[in-house]
Amino acid sequence: MSKDKILVIGANGQIGSVLTEALRGTFGTNNVVATDIREAAGHEGPFELLNVLDAKAVADAVERHGITQIYHLAAILSAKGEQNPLQTWDINMGGLFNVFEVARAKGIAKIFFPSSIAVFGADIPRQMTPQNAVLKPTTVYGMSKSAGELWSQYYFLKYGMDIRSLRYPGVIGWQSDPGGGTTDYAVEIYHNAVKEQDYTCFLSENTILPMIYMDDAIRATLELMDAEASKINVRTSYNLAGMSFSPSEIAATIQLEKPNFKVSYAPDFRQKIAKSWPESIDDSAARNDWHWKPKYDLSSMTKDMIFQLQKKYKLFGAL
Ligand code: SER
């Protein structure tokens, strides 16, 4: 049995809930302490309420459980963050500093901090955006992630802390719902298709964005964290790619399985955010350093999403 004790902060979120299960599979159910600001049903293992803005509570949880690794996933996402920019900054940066400072004081061995394609903005090549492209994010969420990347590198350089990070593309999964992102449409669209409801997309039909299937996103996280420290050459955050597509392409792929499914388009403020982001990502640093390779493309993801969601809705008697 592993000697590692993991703390997941934001364990009820879209990625956190699935990652917690995966970590429990690797490290043992009782060695992964799930925490979130809200209660949620369905945790098969230790769970407690934790507000990451309460530094003392974070330190106390680390102490009580003998934590050796922290996965800090709590943040306000791109679209929701624009409703209250200063509060978003305070939450995203305040949470990060609390985690890094507690980790420094307690000698935490490894920390995971998720970054995002939202760190990119103007003046980048939008196709195959390189690892070292200039970062000029235009959302407060993207600004907090790009500052967070630099702070990750700073704590590594100054204190030798083993902090690792991925720039997730839009994450698509059947297990959990996204909350307040610009890429959320690519999850919602599957739910509507399976429920045989038309879908109105909040991005325009030709808006291409980088995306990744949840299975690949989780595997990337575990592989990054499992790699030897000497292989991690990027201490800000790794570009990570899965696939790229537009709303009309995902709609056409779904229609192969669900021919009656209809999509219309009513772009809102999120269109502008999407347009500031890359269309595709060059993740060769991740491929070279720790052998990253995605398994899912749009077609295989669509088949699995529809299969899994159909099963899920039937289980709850909703189909
Ligand atoms: N999926 C996120 C968002 O749309 C990107 O990190 O905000």
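Every Cα-Cα pair in the range 14-67 was counted, and those over 18 Å apart are 31% of them. Checking the cross-link pairs 231/293; 5/314; 145/275; 262/293 against a 27 Å limit on the alpha carbon distance flags 5/314; 262/293 as lying beyond it. Here the contact order of the range 148-307, divided by its residue count and restricted to Cα pairs under 8 Å and six or more residues apart, works out to 32 percent. Taking N as the residue count of the range 197-315, its C-alpha radius of gyration divided by 2.2 N^0.38 Å amounts to 1.24.
In the chain, the longest principal axis of the Cα atoms and the axis of helix 55-65 are about 80 degrees apart.
Relative contact order (percent) for the chain, with alpha-carbon contacts under 8 angstrom and 6 or more residues of separation? Relative CO of the chain lands at 18 percent. Multiplying the residue separation of residue 93 and residue 233 by 0.36 nm and removing their Cα-Cα distance gives an extension gain of 48.0 nm. Taking other Cβ atoms within 10 Å as a rough exposure proxy, 268, 90, 4 sort from fewest to most as 268, 90, 4. Once the Cβ-Cβ distance of residue 226 and residue 44 is raised to the sixth power relative to R0 = 22 Å, the FRET efficiency obtained is 0.45.
The packing ranking of peptides 256-265, 160-169, 106-115, highest mean first, is 160-169, 106-115, 256-265, where packing means the average number of other beta carbon atoms within 10 angstrom of each residue.
Each value in this text was obtained by applying a stated rule to the coordinates, not by laboratory testing. Owing to the predicted nature of the structure, the values given are computational and were not obtained by experimental measurement. Methodologically, a virtual Cβ is constructed for each residue, glycine included, from the backbone with ideal geometry; neighbour enumeration extends over all protein chains shown.
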